[in-house]
Amino acid sequence: MEGKQTIMRRSALAAVAAIGSASLLLAGCSKADDNKDGGSGTPKAAGANAATTGVVNASDKKGGTVTYEMSDVPDSFDPGNTYYAYMYNFSRLYARPLMTFAPGPGEKGNTLVPDLAASKGVPSDGGKTWTYKLRPGLKYQDGTPITSKDVKYAVERSNFARDVLSLGPNYFQQFMKGGDKYKGPYKDKSAKGLSSIETPDDTTIVFHLNRAFQEFDYLVSAPQTAPVPQAKDDGVDYVKHIVSSGSYQFQSYEEGKQVVLVRNKNWDPKTDPLRKQLPDKIVVNLKVNPETIDKDLQSGDATVDLAGSGVQASTQAQLINSADGKAATDNTYAGRLVYMAINSQVKPFDNVACRKAVQYAIDKVSVQTAEGGPIRGEVATTVLPPDITGYQKTDVYATPGNKGDIAKAKAQLKACGKSSISTNISARSDRPQEVDAATAIINSLKKVGINASLKQYPSGKYFTDYAGVPKFTEKQNIGLMMMQWGADWPSGYGFLQQILNGKAISQSGNTNLSQYDNKKVNGLLDSAIATEDPAKRNELYGQIDKQTMDDAVLVPLTYFKVLLYRSPYATNVVSTAAFSGEYDYLNLGTTKK
């Protein structure tokens, strides 16, 4: 998921634990009301990285408004039509998937627990069939019962109607038996839906796959499994009147401006051991200047930056050079890779030697500096980050001090039959550090005769209209694309599948930006997910990484680290590996009235 997009994770597969572990963790932390600053009424910061090791300002206190701000707009608030990690995180407030992640710090946040389901999936047929039972008593915001048929429909609309809902991953389309032929519910005249998803009764759903999938519990943690009542769905416009299955529901939706959520009165805590339903209201303000967001967080006018991408460069310097400022920050790996995709379908990058010329040309230290320095990431040499299972330390295109090698780059350019190349590079206009990194790359490439012009596009449409549309990139000669990626779930497969498998390429909302379709890599991915032994799976993930680097279809830039500012007024603040090091949004509260 890109960085959700993506649903981006850290390190080893976490053991499935009891749901109650989250509440036990919260109970062991200090209360927010006990954390005052000498009687001034302003809460003190808990200390640098406090939210990466525990829950800061744990509280069950209800009331107030939690305010999110974002510099652009999300791809969509529709749980079946989104692929940013922060939206996977946020959507759980109003859309309950079959499984989800417990609100724990760091790697504890990778603990997979049942949400809409009563327990984890029951596999059979060697991992080709998975059965889930729903919790009893589940209701939508209008009081009507949630059924297994609503989950089946949600999966069908989000994965098989790609001409209508093009965002989000297409795992179910790839792995469900008959998924390659089913055209989705909007074109299904029989109204029976996909036969390989069965609902024998209102509380049971059975998935029949075309091959073994040993990590299926992770797949159903995506918001694509959050129920949608078919009678209330009108395709792309469903985002305007989403029917809540979570603890909050939409009060208002102003596209591109603001979203307001209020308590769902028909949410029953007896059916939901994860959510606390603390604030009276949740407000999301969109298209806010990035520097303004930083100021609002510090003043208490905002509770959290929705995108979770960290503070701006000027704020970063201010915070880390102040003892009090640093004490209010969390700096952690986020299971993400910052990289540049090389479009293998745009000439001359269909030639591997031209792609290798790019690999050798880039001064990665200059890119790291542009992104904010070591506090924002370490120089990367592999596809898999060090905190994702399957990582193996290698450097196929090593250069002195990671600053590029002009001679080797020019030699590869010559092998490609070129003395110079003219191309375009895309970046997201509302991400200043990404734009700065792209500019640093342009300067590196120019030294070897590769002339790249910068093309900027907004985050909200980066994948639907621009970088994620193969025909657009080919027509516009966009041979290079800035990208940030994190795992959809915490394993090599959860990281690699949607950016490397040829079957994942789509004509809109595409995340395999390189349009990489290597039969060996595709086969290794299939073998890995069918392998029961985790150690053998991890070995295969390492082989995939090496083959991808040999084919030079993407340039690893940095292993991303995020620097988040922790609002002194926020309660239940915890940085979770499950969502790219972002704060877990499920139970955030506030002490500010």
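The values are calculated or read from the model by the stated rules, or taken from the named source; none is laboratory data. Quick caveat: nothing in here was measured; it's all calculated off a predicted structure. Here Cβ is always computed from backbone atoms with ideal geometry, including for glycine, and neighbour counts include all displayed protein chains. When the accessible area is computed, the model is the full protein with side chains, heavy atoms only, and any ligands, DNA or RNA have been set aside. Shrake-Rupley method; radii C 1.70, N 1.55, O 1.52, S 1.80 Å.
Quick notes on this structure:
- For the chain, DSSP calls about 70 percent of its internal beta bridges antiparallel.
- Between LYS189 and HIS241, the FRET efficiency from the beta-carbon distance, with R0 = 22 Å, is close to 0.30.
- Label-point separation, GLN547 to ASN351 (7 Å along Cα→Cβ), nm: 2.6 nm
- The residues of segment 58-103 expose, per residue, 14 Å² of accessible area to a 1.4 Å probe.
- Alpha carbon centroid spacing (whole Å) that separates segment 508-522 from segment 447-464: 19 Å
- Mean residue ellipticity at 222 nm, helices only, the chain: -7000 deg cm²/dmol; runs of at least 4 DSSP H residues each add -39,500 (n - 2.57), and the sum is divided by the number of residues.
- Euclidean distance between Cα centres, segment 56-73 to segment 106-139, Å: 28 Å
- Annotation for segment 149-177 versus segment 270-286: alpha-carbon center distance of 27 Å.
- Ordering of 246-255, 143-152 by packing is 143-152, 246-255, highest average first (other Cβ atoms within 10 Å, averaged per residue).
- Probe 1.4 Å, protein heavy atoms only - accessible area per residue of segment 111-230 in square angstrom: 37 Å²
- In this label model, ILE406 and LYS393 are separated by 3.1 nm, measuring between points 7 Å along each Cα→Cβ vector.
- Surrounding net charge for ALA552, when Lys and Arg each add one and Asp and Glu each subtract one, Cβ distance under 10 Å: 0
- Label point at GLU378 placed 7 Å out along Cα→Cβ; residues across segment 493-527 whose backbone nitrogen lies under 20 Å: 495-496
- A cut-off under 11 angstrom between Cβ atoms defines the neighbours of THR144, and their net charge, with Lys, Arg +1 and Asp, Glu -1, is 0.
- Think of a 1.4 Å ball rolled over the protein heavy atoms: segment 479-574 then has 24 Å² of accessible area per residue.
- Apolar share of the accessible surface for the chain: 50 percent from carbon plus sulfur atoms, 1.4 Å probe.
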